[in-house]
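Each value in this text was obtained by applying a stated rule to the coordinates, not by laboratory testing. Please read all numbers here as calculations on a predicted model, not as lab measurements. Every residue, glycine among them, receives a Cβ derived from its backbone with ideal geometry; neighbour counts consider all protein chains shown.
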Amino acid sequence: MAIDPRIQLGATGMRAGEQAREIDQGLRTYMLRVYNYMATALAVSGIVAIFSSQSTELMSAIYGTPLQWVVMLAPLGLVFFLSARLNKMSASAAQTTFWVFSALMGLSLSYIFLVYTPVSIVRVFFITAGTFGAMSLYGYTTKRDLTGMGNFLMMGLFGIIIASVVNIFMQSSAMQFAISVIGVLVFVGLTAYDTQKIRKNYLASDGSEAMSKKAIMGALMLYLDFINLFLMLLHLFGNRE
């Protein structure tokens, strides 16, 4: 007995619809996991930064001594370590490294409470959160391929790094202002680009262990975008003590 082609087509369409809904639900769960990791890391960094800044002995031991370079460079070292070793690490080890990184990052950010007023720090934080949220939502929902923009932004990022290193020795307020303005534009764009990249990475089929590590790396990318955007805006709009 022949089966009506229309019935076969309808069944195929139903299966395709179910698969699409499963992918969409899985993607939302995955992105929520990424954002939860990121938000928790920000909370850890904030708590460590606040409590560290309240210790006069700790601040005196770090800033104004060579130890400040260790504190500043340790989080960067962990970023490189996590990026290079992620595929060989277990998900639990990667997660532990991520939490250690966020704590060290909080210690390196403690200086902002000595330089800027608490009110301006809170104000800039909420400005950053609103800007980050809007651009991340854009990156998640847009149909436009942001790959080309991402390559351009990465060149801008390298330019900012080089200019920042040069300005350590020049101590030019005009150069710092230019770096901050360009930095805001770069990290606003990177937020959208990285969100889209994280979304695309989910669509590649992997096991649960690999997906866990992908979520951690995605959270690290967005965390760095948020922190750097926050610091650039703080340079522009923060009120100094």
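Structural remarks
- A Förster radius of 25 Å, combined with the Cβ-Cβ distance separating ALA93 from ASN36, puts the computed FRET efficiency at roughly 0.85.
- A Cβ-based charge dipole, computed about the Cα centre of the chain with Lys and Arg at +1 and Asp and Glu at -1, lands at about 360 debye.
- DSSP H segments from the chain that extend 15 Å or more along their own axis, Cα-based, with Kyte-Doolittle mean of 0.5 or above: 67-85, 91-108, 118-141, 147-170, 173-203, 208-237
- Helix-only CD estimate at 222 nm, as mean residue ellipticity for the chain, using -39500 (n - 2.57) per DSSP H run (n ≥ 4): -30000 deg cm²/dmol
- Set of lysines near LYS88 by C-alpha distance (under 29 Å), chain-local residues within fewer than 8 positions excluded: LYS197, LYS200, LYS213, LYS214
- Matching label, Rg and Dmax of the Cα atoms in Å computed from the structure shown, candidates (1) 23.8, 81; (2) 18.1, 70; (3) 21.5, 87: (3)
- In plain terms, the residue of LEU231, LEU114 with the fewest other Cβ atoms within 10 Å comes first and the most crowded comes last, giving LEU114, LEU231.
- Fewest-first ranking of LEU76, LEU190, using other Cβ atoms within 10 Å as the exposure measure: LEU76, LEU190
- Charge dipole of segment 97-241 about the Cα centre (unit charges at C-beta), most positive-ward option of GLY148, ILE162, GLN176: GLY148
- Contact order normalised by residue count of segment 5-237, Cα under 8 Å, 6+ apart, percent: 29
- C-alpha center-to-center spacing [segment 210-241, segment 80-115] in angstrom: 12
- Lys/Arg +1, Asp/Glu -1 at C-beta; the chain dipole; positive extreme among SER102, GLY218, THR117: GLY218
- Label point distance in nm, PHE152-THR65, each placed 7 Å from Cα along Cα→Cβ: 4.7
- Estimated inter-spin distance, SER83 and ILE127, nm [label 7 Å along Cα→Cβ]: 2.8
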